[in-house]
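These notes concern the structure reproduced below.
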Amino acid sequence: MAQVTSPTETDASLNEKTEIWETDLEVPTNPVVDSAEFAYEKTNIVRVNDVGVIMAAHHIHTKLRAESYTPRTWRTHPLHILPIEPYSPDEPLNKACLDWIFLISALNFSFWSEKEGSPDRYGVLWQESWVSSRPKLWTGYWSLVASLNRALQDESIPITDPQFYSSETLCPDSLIEHVFRAAEGCSEAIPLLAERIAVMREVGFILCHGFGGSFQGFLEEFQRRHNGNGTALQLVQMVTETFPSFRDEVFFEGRKVCLWKRAQILVAETWAAFYPDPSSSTTHPLFPGPSGPEIHQLTMFADYRVPQILHHLRILSYPPSLLKLLHAGTMLAPGSPEELSLRAASIVAVERVRAEMQSLHQAEFQNQNQQDSTVSSVLIDFFLWDLAKKVERGEESIDGIETADMAPTHRTRSIWY
Ligand SMILES: Nc1nc2c(c(CN[C@H]3C=C[C@H](O)[C@@H]3O)cn2[C@@H]2O[C@H](COP(=O)(O)O)[C@@H](O)[C@H]2O)c(=O)[nH]1
């Protein structure tokens, strides 16, 4: 917020103040944005297509409106209606719900299957939603959510409680294996089980020894440090500083590149899960300060599903050599130029889509003489991920703009995404 100067101040003091204010006014940039720009240029493999960005921005802008897609859409996913009622007025940041979100984000990586498309790929059988107990085979990311919900609801295993899952005595490896068990007939187990167990022990230990044994305690400490006025980006930073297994960073050509996929999605999902009803005019319980969450400072979450839809929408262009690798199912090593290029270009691309959508948004609001509201890469990401899944299931196809043939997702085994 700009400050008004007093006319009695001398030029010298004014200059001094201006300098201070300029520093104060500096908008903190997300290191992921700079990192991505650097890695995008250095790798120079996947490219952002400017025409594709403009076309897709119009398309996404229209779709968001038509579908009334908002941060509250997150709750409408059949498995995101949590086993615990999160929205209690007595406990605005419900502990059990926060621990559920935290564990999901800690383990939100590497669900792609060597047997993609085959019925015996890894999947978890659980009810199709909270309101229907009809069994359904959940695959990919949803297999994680289904496993945890099944353990909580059907088996009374407190799997999302850090005090439980940090302890090898209360929660031995064999029990975790049981929680993630595949449906009968699957010939695969959950990928990277040992790494998932290691992540659970690490984050559980840190929450128990530093934050009273819950993500709620972690958020209370965040609010204390920032006098209740912390932003989403500051929370992301605290997550990456605290938990090594959220530190999604690589060194490339002599520079540290931060991608922070799971740290950002953790904050974004917490933001979305507790997003207040717009008609209630209440502030967000996690970001009650005057500046709010500043959610637009976060980037998209560089995974293996969103780049695929960005390419399909012709926002990203892949060179023939990369397409060949993808079609051959070649493994891309974590931190390799191809893998880094896919992730970095996705971040750069969504930032450009966001800028384009922001202009559309502003023009529209100006015409309607309404207040502006900011477009965020988080919401664009959520929308694109959901869209990618609908296109994959054959439920939706992209109309009205040119698309590229859907390429396979890239294959990298890593705990980062
Ligand atoms: N960029 C981004 N990546 C996301 C998600 C999500 C799920 N988020 C939920 C929250 C809001 C959304 O509306 C979703 O309901 C998972 N992933 C990543 O995808 C991959 C799994 O893919 P597949 O094997 O096909 O299920 C894997 O890397 C996983 O880490 C997201 O939102 N954004």
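Okay, here's what the table says:
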{"read-out": "Which listed residue is farther than 23 Å from His77 by Cα, away from the ligand (no atom under 16 Å from the Cβ) and open to solvent by 50 Å² or more (accessible area, probe 1.4 Å), from Pro278, Pro290", "value": "Pro290"}
{"read-out": "Every pair of residues 6+ apart whose Cβ atoms lie under 6 Å, when the first sits in the range 376-404 and is of a type outside the set (A, V, I, L, M, F, W, C) while the second is part of a loop (DSSP other than H, G, I, E, B) and open to solvent by less than 20 Å² (accessible area, probe 1.4 Å)", "value": "Ser377/Thr299; Ser377/Met300; Asp381/Met300; Asp381/Phe301"}
{"read-out": "Residue check for Ile347: within 16 Å of the ligand (Cβ to nearest atom), over 24 Å from Val250 (Cα atoms) and not hydroxyl-bearing (Ser, Thr, Tyr)", "value": "no"}
{"read-out": "Condition broken by Phe251, with the remaining ones in (1) crowded, with 18+ Cβ neighbours inside 10 Å; (2) farther than 23 Å from Ile60 by Cβ; (3) of a type in the set (Phe, Trp, Tyr) satisfied", "value": "(1)"}
{"read-out": "Criterion (within 30 Å of Met331 (Cβ to Cβ), within 16 Å of the ligand (Cβ to nearest atom) and either within 20 Å of the chain's Cα centre (by Cα) or charged (D, E, K, R) (or both)) met by exactly one of Trp112, Trp100, Trp74", "value": "Trp112"}
{"read-out": "Tabulated pairs, the range 136-162, first under 27 Å from Trp385 (Cα atoms) and within 16 Å of the ligand (Cβ to nearest atom), second part of a helix (DSSP H, G or I) and β-branched (Val, Ile, Thr), C-beta under 6 angstrom, 6+ apart or interchain", "value": "Ser147/Val179"}
{"read-out": "For Gln358: the one exception among (1) more than 18 Å from Val53 (Cα to Cα); (2) free of Cβ contacts under 8 Å to residues at least 40 places away in the same chain", "value": "(1)"}
{"read-out": "Sole residue being among the hydroxyl-bearing types (Ser, Thr, Tyr), within 23 Å of the chain's Cα centre (by Cα) and modelled with pLDDT under 95, chosen from Ser129, Ser133", "value": "Ser129"}
{"read-out": "Residue among Glu37, Glu26, Glu9 that alone is among the acidic types (Asp, Glu) and modelled with pLDDT of 95 or more", "value": "Glu37"}
{"read-out": "Ser414 vs. criteria within 14 Å of the ligand (Cβ to nearest atom), open to solvent by less than 50 Å² (accessible area, probe 1.4 Å), closer than 26 Å to Arg72 by Cβ and not β-branched (Val, Ile, Thr)", "value": "no"}
{"read-out": "Scan of the range 278-307 for residues that are part of a helix (DSSP H, G or I) and hydroxyl-bearing (Ser, Thr, Tyr), ordered by number", "value": "Ser279, Ser280"}
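The values are calculated or read from the model by the stated rules, or taken from the named source; none is laboratory data. Predicted, not measured: the structure shown is a model, and the values here were computed from it. We place every Cβ from the backbone using ideal geometry, glycine too, and count neighbours over all the protein chains shown. Each accessible area value is taken on the protein alone, full model and side chains, heavy atoms only, with ligands, DNA and RNA left out. Shrake-Rupley method; radii C 1.70, N 1.55, O 1.52, S 1.80 Å.
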